[in-house]
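Just below is one structure, and these are the notes that go with it.
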Amino acid sequence: MATPDYDDYYVPNRACHCLRCSSRWLMGPAVLITVGVLFLLQQLHVFNFGRTFPVLLIVIGLVKIAQRSAPDTGHIQPPPYYPPGMPVAPSPAPGAGSRPDSEVSRG
């Protein structure tokens, strides 16, 4: 079985404008609006906030499902991140297949 490559996984990228990357901004406004509506309902004496907080969990779950199910067509993977001290994968040198004509390589 082949090992999965970096390009096989979805990695969020701020510079990408695919639908899946663009939907990441949805969580904050959805939670803020939900909390505002729940506090409004408490002020209007319709529901107590302590009894309506599961609605907040439901909204968070729905937003997460919407984020995960959004298509990633046109997605641009960010470059891989190598933490300090970790060996970086060597990039292939130009003309790596040809033998150089220097005195050093001839001995």
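So, of the residues in the stretch 41-52 that are outside any loop (DSSP other than H, G, I, E, B) and modelled with pLDDT under 90, which turns out to be nearest to the chain's Cα centre (by Cα)?
52
Here is a yes/no grid of residues against (1) part of a loop (DSSP other than H, G, I, E, B); (2) among the hydroxyl-bearing types (Ser, Thr, Tyr); (3) surrounded by 12 or more Cβ atoms within 10 Å (Cβ to Cβ); (4) touching a Ser or Thr at 6+ places or on another chain (Cβ under 9 Å):
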site	(1), (2), (3), (4)
28	no, no, no, no
35	no, no, yes, no
39	no, no, yes, no
54	no, no, no, no
67	no, no, yes, yes
74	yes, no, no, no
82	yes, yes, no, no
87	yes, no, no, no
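How do the pairs read when you match residues in the stretch 55-67 that are farther than 27 Å from residue 18 by Cβ with residues anywhere that are of a type in the set (S, T, N, Q) and crowded, with 16+ Cβ neighbours inside 10 Å, using Cβ under 8 Å and keeping only pairs 6 or more apart or on different chains?
Once the first residue is farther than 27 Å from residue 18 by Cβ and sits in the stretch 55-67, its partners that are of a type in the set (S, T, N, Q) and crowded, with 16+ Cβ neighbours inside 10 Å give 55/34; 56/34.
The values are calculated or read from the model by the stated rules, or taken from the named source; none is laboratory data. None of the values given here were measured: they were computed from a predicted structure. With ideal geometry, Cβ positions are generated from the backbone for all residues, glycine too; neighbour counts draw on all protein chains shown.
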